[in-house]
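S.K.: Before I ask anything, let me first share the structure, which is written out below as structure tokens.
The values are calculated or read from the model by the stated rules, or taken from the named source; none is laboratory data. This is a predicted model, so every value here is computed, not measured. Using ideal geometry, Cβ is built from the backbone for each residue, glycine included, and neighbour counts are taken over all protein chains shown. In case anyone asks, the SASA skips ligands and DNA or RNA and just uses the protein heavy atoms, side chains included. Shrake-Rupley method; radii C 1.70, N 1.55, O 1.52, S 1.80 Å.
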Amino acid sequence: MTADAAAAVPGRGARDEAPNAARYRTAERRESAALGSLALPALLLIFAIALAPNLWLGWMSFRGAGGFTLAHYQRLWHPNYLLTLRTTFELSFLVTAICVALGYPLAYMIAQSRPRVAALLLLLVLFPVWTSLLVRCYAWLVLLQRRGLINTWLTDAGIIDGPLRLVHNFTGTTIGMVHIMLPFMVLPLYAAMRAISRDYMRAAANLGASPVKAFWQVYVPLSLPGLMAGVIIVFVLCLGFYVTPALLGGGRVMMWSMQIERTVTYHSDWGAASALGVVLLAMTLLILWLVGRLVGFRRIMGAG
Amino acid sequence: MLRRAATETQITHGRRVWLYVLVGLTVLFLILPSLLVIPLSFSDSRFLQFPPPGWSVRWYEAYFAAIEWRDATIVSLTAAAFTTVVSTVLGTLAAYSLHTARSRLGQVAYLVFVAPLVIPGILVAIGIFLLYAQVGLNNTLPGIVLAHSVMAIPLVVITVASGLKNYDMSQEMVARSLGAGRPWAFLTVTLPQIKVSVIAGALLAFITSLDEVVISLFIAGGDKATLTRRMFNALRDEIDPTIAAISTLLIAVSVLLLGLSQSVQARKG
């Protein structure tokens, strides 16, 4: 209704707008609540199944026979657990570093390629993500084990005398985990690199920067958010990773997650398991929080 | 060719050969191991030899003949189908809700949705195991479906949310101003236009359930053992070429789903 029309009707004017607006706001609020409630089933399901039990585990980690206790945490200060912690961090650092070394050039190449080539390369990066984790672990077992393909080929070619120890140890676990994690490095990196305008590099060249200098001083800093996102995603996934170390580590590589599984399955020691779990979750959240403060949480998840 | 400039900074292809070699090797590293499993599954030998000494389908016969593999496959496919339905419906509703409600609670909801992706799998698994022990859902199909849905819903929400971002909500407003109720407007105007991302989300949900390992190790035992759980245990013991046959079939499923997902999304643009 235009102002003229409103003025033309007696009794309708500025005075009546206030109650109308209030009614409109109430209706809007009611609609917003109704729309918000559509998310409730999903939220409740996730809360009940993924979050609440973990809160419960957290509570259990402080409970002993006589009420509140820190005993479960004190027991973690033991050479065995500390060794596990060291292995977990060493492996996670190593895998993340290798993923950067292999993933950065790959993402760079995809970002620089013509659309068709880029699409093909992306498909080749996505293929492993869609392939079952177990299939990929099996493939590495086939390749790396004592009488596996690599040892057979190398022996037949006369390069080695006896079989190399390639799997059921740290080496095999590292190879397998890099294979699983690499796409999670490449995808956020590529997303960041695609957004870098080619004009920046052209400008750097015009202004006299050598290609190497332009790359390090212009391109790399611009790709840093993507690199950060990739590093964090890979590192955090590595910290809590279970399947690949359990299959390719052959019991010789004890990760924090495997310690949790063992404590539950063999010892049914929920106090210790929950304390181990709280430590793992705390480390994970701490890293995410720190990085969230540095680059922004949404950016990380959005890029992934 | 090698002398031509490859970049804006006039580096020639010749000076980047090392980069092409490195990237080529990395791509081979990513895809070759899984592909190597395919010829091995058609080998007639018990032992891992490449190329195989002879060809046969005996490992496929062994897979289809073994009751425990067949049961596990049925459990996995059923769970994946139900998970797809549950998580696609709930995830799409949630994404629509977060997109339209614009409430400050959206931030909290967002944190809840990323939680299953951020919390280490082993913790989610033992938590669910503990919960299910109280309510008797361990080793049941509904238990598996609910657990897998929790892992799949965030992926559906993310996928559908990105679809909604590219959708012009005023189209739904037009439908409503012409008298359609909100549910009707959503189903007949909005849903057909975000169809692509909903399908992509559903495919992701299916593959997430089918490939899920850690949670299934804890909550899917007995006659409700999933394919992944049986495979995990088989890989720990002795490596039987039957696994190569199963792996090849799983790779076929992955390629099929990835292909579907890509072609659906390509048709959009």
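S.K.: Condition check: among the hydrophobic types (A, V, I, L, M, F, W, C) and over 16 Å from residue B:30 (Cβ atoms). Does residue A:154 satisfy that?
M.R.: It is true that residue A:154 is among the hydrophobic types (A, V, I, L, M, F, W, C) and over 16 Å from residue B:30 (Cβ atoms).
S.K.: For region A:142-179, give me the residue count where each residue is closer than 21 Å to residue A:245 by Cα, more than 10 Å from chain B (Cβ to nearest Cβ) and not in a helix (DSSP H, G or I).
M.R.: 7
S.K.: Continuing with this model, one more query. How about region B:227-252: which of its residues are more than 9 Å from chain A (Cβ to nearest Cβ) and not aliphatic (A, V, I, L, M)?
M.R.: Once the filter is applied, which keeps residues that are more than 9 Å from chain A (Cβ to nearest Cβ) and not aliphatic (A, V, I, L, M), region B:227-252 yields B:229, B:230, B:233, B:237, B:238, B:240, B:241, B:242.
S.K.: Please work out if residue B:245 is among the small types (Gly, Ala, Ser) and open to solvent by less than 20 Å² (accessible area, probe 1.4 Å).
M.R.: yes
S.K.: To continue, here is another question. Could you pull out the residue among B:198, B:189 that is under 23 Å from residue B:89 (Cβ atoms), in contact (Cβ under 8 Å) with a residue 60 or more places away in the chain and part of a helix (DSSP H, G or I)?
M.R.: B:198
S.K.: Which condition breaks for residue B:172 when tested against (1) at pLDDT below 90; (2) more than 13 Å from residue B:95 (Cβ to Cβ); (3) open to solvent by 10 Å² or more (accessible area, probe 1.4 Å)?
M.R.: Unmet for residue B:172, out of (1) at pLDDT below 90; (2) more than 13 Å from residue B:95 (Cβ to Cβ); (3) open to solvent by 10 Å² or more (accessible area, probe 1.4 Å): (3).
S.K.: Can you tell me how many residues within region B:207-223 are more than 11 Å from chain A (Cβ to nearest Cβ) and crowded, with 22+ Cβ neighbours inside 10 Å?
M.R.: 2
S.K.: Just for helices (runs of 4 or more DSSP H) wholly inside region B:76-169: which have at least 3 residues that are in contact (Cβ under 8 Å) with a residue 24 or more places away in the chain and more than 8 Å from chain A (Cβ to nearest Cβ)?
M.R.: The helices (runs of 4 or more DSSP H) meeting that bar are B:141-165.
S.K.: How about region B:212-253: which of its residues are among the polar types (S, T, N, Q) and assigned to a helix (DSSP H, G or I)?
M.R.: Listed by number, the residues that qualify are B:216, B:228, B:233, B:242, B:247, B:248.
S.K.: So, in region A:27-74, how many residues would count as being over 32 Å from the mean Cα position of the chain (by Cα), exposed (fewer than 14 other Cβ atoms within 10 Å of the Cβ) and not in a helix (DSSP H, G or I)?
M.R.: Total satisfying the criteria: 5.
S.K.: Those residues that are more than 8 Å from every other protein chain (Cβ to nearest Cβ) and open to solvent by 80 Å² or more (accessible area, probe 1.4 Å), I need them from region A:201-223; list them, please.
M.R.: A:206, A:207, A:212, A:213, A:216, A:217
For every residue, the table says whether it meets (1) open to solvent by 70 Å² or more (accessible area, probe 1.4 Å); (2) not hydroxyl-bearing (Ser, Thr, Tyr).
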| site | (1), (2) |
| --- | --- |
| A:175 | no, yes |
| A:179 | no, yes |
| A:190 | no, no |
| A:193 | no, yes |
| A:199 | yes, yes |
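S.K.: Go through A:104, A:108, A:81 for me and flag whichever is within 15 Å of residue A:193 (Cβ to Cβ), crowded, with 17+ Cβ neighbours inside 10 Å and more than 20 Å from the chain's Cα centre (by Cα).
M.R.: Answer to the check: A:108.
S.K.: Could you run through region B:122-154 and say how many residues are open to solvent by 30 Å² or more (accessible area, probe 1.4 Å) and more than 25 Å from residue B:198 (Cα to Cα)?
M.R.: 10
S.K.: So which residues in region A:109-121 are more than 8 Å from chain B (Cβ to nearest Cβ) and in contact with a helix residue (DSSP H, G or I) (Cβ under 6 Å, 6 or more places away or on another chain)?
M.R.: Answer for region A:109-121, where residues must be more than 8 Å from chain B (Cβ to nearest Cβ) and in contact with a helix residue (DSSP H, G or I) (Cβ under 6 Å, 6 or more places away or on another chain): A:110, A:111, A:118.
S.K.: Right, another one. Do any helices (runs of 4 or more DSSP H) entirely within region A:239-296 hold 2 or more residues that are under 15 Å from the mean Cα position of the chain (by Cα) and either surrounded by fewer than 19 Cβ atoms within 10 Å (Cβ to Cβ) or among the aliphatic types (A, V, I, L, M) (or both), and if so, which?
M.R.: Counting at least 2 such residues, we get A:270-295.
S.K.: Show the residue pairs that are 6+ apart or on different chains and have beta-carbon atoms under 9 Å apart, the first residue being within region B:6-35 and facing chain A (nearest Cβ under 7 Å) and open to solvent by less than 80 Å² (accessible area, probe 1.4 Å), the second being among the β-branched types (Val, Ile, Thr) and in a loop (DSSP other than H, G, I, E, B).
M.R.: Cβ pairs passing all conditions: B:31/A:131; B:34/A:131.
S.K.: May I pose another question? With the requirement that a residue be touching a residue at least 60 places away in the same chain (Cβ under 8 Å) and open to solvent by 80 Å² or more (accessible area, probe 1.4 Å), what does region B:36-57 give you?
M.R.: Selection gives B:46 alone.
S.K.: Against the conditions (1) among the aliphatic types (A, V, I, L, M); (2) touching a Gly at 6+ places or on another chain (Cβ under 6 Å); (3) not assigned by TED's automatic domain parsing to the domain that holds residue B:156, where does residue B:23 fall short? Just the number, please.
M.R.: (2)
S.K.: Let me ask something else about it. So which residues in region B:36-50 are part of a loop (DSSP other than H, G, I, E, B) and more than 8 Å from every other protein chain (Cβ to nearest Cβ)?
M.R.: Within region B:36-50, B:42, B:44, B:45, B:46 meet the criteria.
S.K.: Then there is this: Could you give every pair whose Cβ atoms fall below 7 Å, whose first residue belongs to region B:252-263 and is hydroxyl-bearing (Ser, Thr, Tyr), and whose second residue is not in a helix (DSSP H, G or I), counting only separations of at least 6 or pairs across chains?
M.R.: Filtered contacts from region B:252-263: B:254/A:131; B:254/A:132.
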